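See below for the structure under consideration.
The values are calculated or read from the model by the stated rules, or taken from the named source; none is laboratory data. Being a predicted model, the structure only gives us computed values, none of them experimental. Cβ sites come from the backbone with ideal geometry, for glycine too, and all protein chains shown count toward neighbours. The accessibility values were calculated without ligands, DNA or RNA, using every heavy atom of the protein model including side chains. Shrake-Rupley method; radii C 1.70, N 1.55, O 1.52, S 1.80 Å.
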Amino acid sequence: QLQLQESGPGLVKPSETLSLTCVVSGGSIISSSHYWAWVRQPPGKRLEYIGSIFYSGTAYQNPSLKSRITISVDTSKNQFSLRLNSVTAADTAVYYCARQDNTEPYFDNWGQGTRVTVSA
Amino acid sequence: EIVLMQSPATLSVSPGERATLSCRASQSIDTKLAWYQQRPGQAPSLLIYGASTRSTGVPPRFSGSASGTEFTLTISSLQSEDFAVYYCQQYKNWPQTFGQGTKVEIK
């Protein structure tokens with residue numbers, strides 16, 4: 001059974017860089033049928049798509065965040081990562097990693113989520 | 001960016017009753033719509049994709065339909081585990097976007 005698990009610091013200072021990793025288990029990240037994605041949910045707000053990456057390294061970012069985010073993949077460790085720089089309080093959210101269908105990009109498997117607070 | 005508006009914000013339903021949730025898209029998205037269930041403290045879980053196809057393992061009491069830019073999720077007979085927040089998501093246009101959610105609570 002495929003499982004995704006996020007990890008990273010729960011507290012980040014304003015203007016610093018948020019770094020999260022998602023480890024995939026129970027299946028290979030090398031899949032021609034899937035992208036690997038990041039989605040976040042600020043407190044009391046709707047889910048927001050951040051970006052996705054293919055195992056080859058091809059990445060897509062939400063234009064609203066594109067200048068600040070980097071998504072990378074490490075197939076040897078079966079994991080992918082998110083870096084979000086110059087964070088502000090508006091980046092406080094629960095961050096989820098998820099698997100995304102390649103042709104119909106809904107999210108069919110999700111990690112449990114990790115809460116990140118941006119505060120001094 | 002396509003905006004999805006869900007209604008109502010909160011739906012109070014008794015166990016065993018029918019629940020009808022709506023999601024309206026700001027422009028045509030064909031049937032490129034998914035529904036997710038999020039129980040308290042848990043990650044979202046895929047229920048429906050392609051507007052009406054149930055994901056693997058989803059009970060048949062969950063059904064989805066579409067009419068133009070209006071989408072409906074129906075839960076035919078609410079069980080205790082169905083009280084949760086439900087989100088719609090469009091994947092017709094980039095970037096994918098989500099609705100603001102409908103909370104289904106016990107009446």
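Counting only protein heavy atoms and using a 1.4 Å probe, what share of the accessible area of chain B belongs to carbon plus sulfur, as a whole percent? On chain B, the fraction of accessible area on carbon and sulfur atoms equals 46 percent.
With a simple spin-label model that places each label point 7 Å from the Cα along the Cα-to-Cβ direction, the separation between A:Lys77 and A:Ala89 comes to 3.3 nm.
For the protein assembly as shown, a simple Cβ point-charge model (Lys and Arg +1, Asp and Glu -1, everything else neutral) yields a dipole of about 240 debye relative to the Cα centre.
Among beta bridges from DSSP that stay inside the protein assembly as shown, the antiparallel ones total about 90%. For segment B:35-43, the Karplus equation 6.51 cos²θ - 1.76 cosθ + 1.60, evaluated at θ = phi - 60°, returns couplings of 10, 10, 10, 10, 7, x, x, 10, 6 Hz by residue, with Gly and Pro reported as x.
Indicate the gyration tensor shape class of segment B:44-107 (rounded, prolate or oblate), computed on the Cα atoms with a ≥ b ≥ c the square roots of the eigenvalues: a/c under 1.5 is rounded; otherwise a/b larger than b/c is prolate and the rest oblate. Don't skip to the answer; put the middle values down first.
On the way: a/c = 1.78, a/b = 1.49, b/c = 1.20.
Judged from the Cα gyration tensor, segment B:44-107 comes out prolate (a/c at least 1.5, a/b above b/c).
Dividing the mean sequence gap of close Cα pairs (under 8 Å, 6+ apart) by how many residues chain A holds gives a relative contact order of 36 percent. What the protein assembly as shown shows is 45 Å² of accessible area per residue, with the surface traced by a 1.4 Å probe over protein heavy atoms. Using the Karplus relation 6.51 cos²θ - 1.76 cosθ + 1.60 with θ = phi - 60°, the per-residue 3J(HN,Hα) values for segment A:27-38 come to x, 8, 6, 7, 9, 7, 9, 9, 9, 10, 10, 10 Hz, with x marking Gly and Pro.
Each Lys and Arg adds +1 at its Cβ and each Asp and Glu adds -1 at its Cβ; summed about the Cα centre, segment A:1-81 shows a dipole of about 240 debye.
Estimated from the Cβ-Cβ distance and a Förster radius of 30 angstrom, the FRET efficiency linking B:Thr10 and A:Glu16 is about 0.20.
Seen through its C-alpha gyration tensor, with square-root eigenvalues sorted a ≥ b ≥ c, chain B comes out prolate because a/c lies at 1.5 or above while a/b is bigger than b/c.
Could you tally the net charge around B:Ile48, taking each other residue with its Cβ under 13 Å from the Cβ of B:Ile48, Lys/Arg +1 and Asp/Glu -1? Walk me through the numbers on the way to the answer.
Details: positive: B:Lys32, B:Arg54, B:Arg61; negative: A:Glu104, A:Asp108.
Summing Lys and Arg as +1 and Asp and Glu as -1 gives +1.
What are the aspartates and glutamates whose alpha-carbon lies under 19 Å from the alpha-carbon of A:Lys66, with same-chain residues fewer than 8 places away excluded? Result set, ordered by chain and number: A:Glu16, A:Glu48, A:Asp91, B:Glu1. Computed with a 1.4 angstrom probe on protein heavy atoms, the A-B interface buries about 1700 square angstrom of accessible area in total.
With a cut-off of 8 Å between alpha carbons and a minimum separation of six or more residues, what is the relative contact order of chain B in percent? List each step's numbers first, then the result.
Working: 269 pairs, mean separation 41.8, N = 107.
After rounding, I find 39 percent.
The share of accessible area on segment A:16-120 that comes from carbon and sulfur is 45 percent, using a 1.4 angstrom probe. Listed by chain and number, the aspartates and glutamates whose alpha-carbon sits under 15 Å from that of A:Lys77, ignoring those within fewer than 8 places in the same chain, are A:Glu6. What net charge do the residues around B:Lys103 carry, taking every other residue with its C-beta under 13 Å from that of B:Lys103, with Lys and Arg at +1 and Asp and Glu at -1? Here the charged neighbours net out to +1.
For the pair segment B:49-107 / segment A:1-66, the C-alpha centres are spaced 23 Å from each other.
With the cut-off at 25 Å, tell me which of the pairs A:Lys13/B:Lys92; A:Lys45/B:Lys32; B:Lys32/B:Lys103 have Cα atoms farther apart than that. Mind showing how you got there, number by number?
On the way: A:Lys13/B:Lys92 36 Å; A:Lys45/B:Lys32 22 Å; B:Lys32/B:Lys103 22 Å.
Checking Cα-Cα distances, A:Lys13/B:Lys92 exceed 25 Å.
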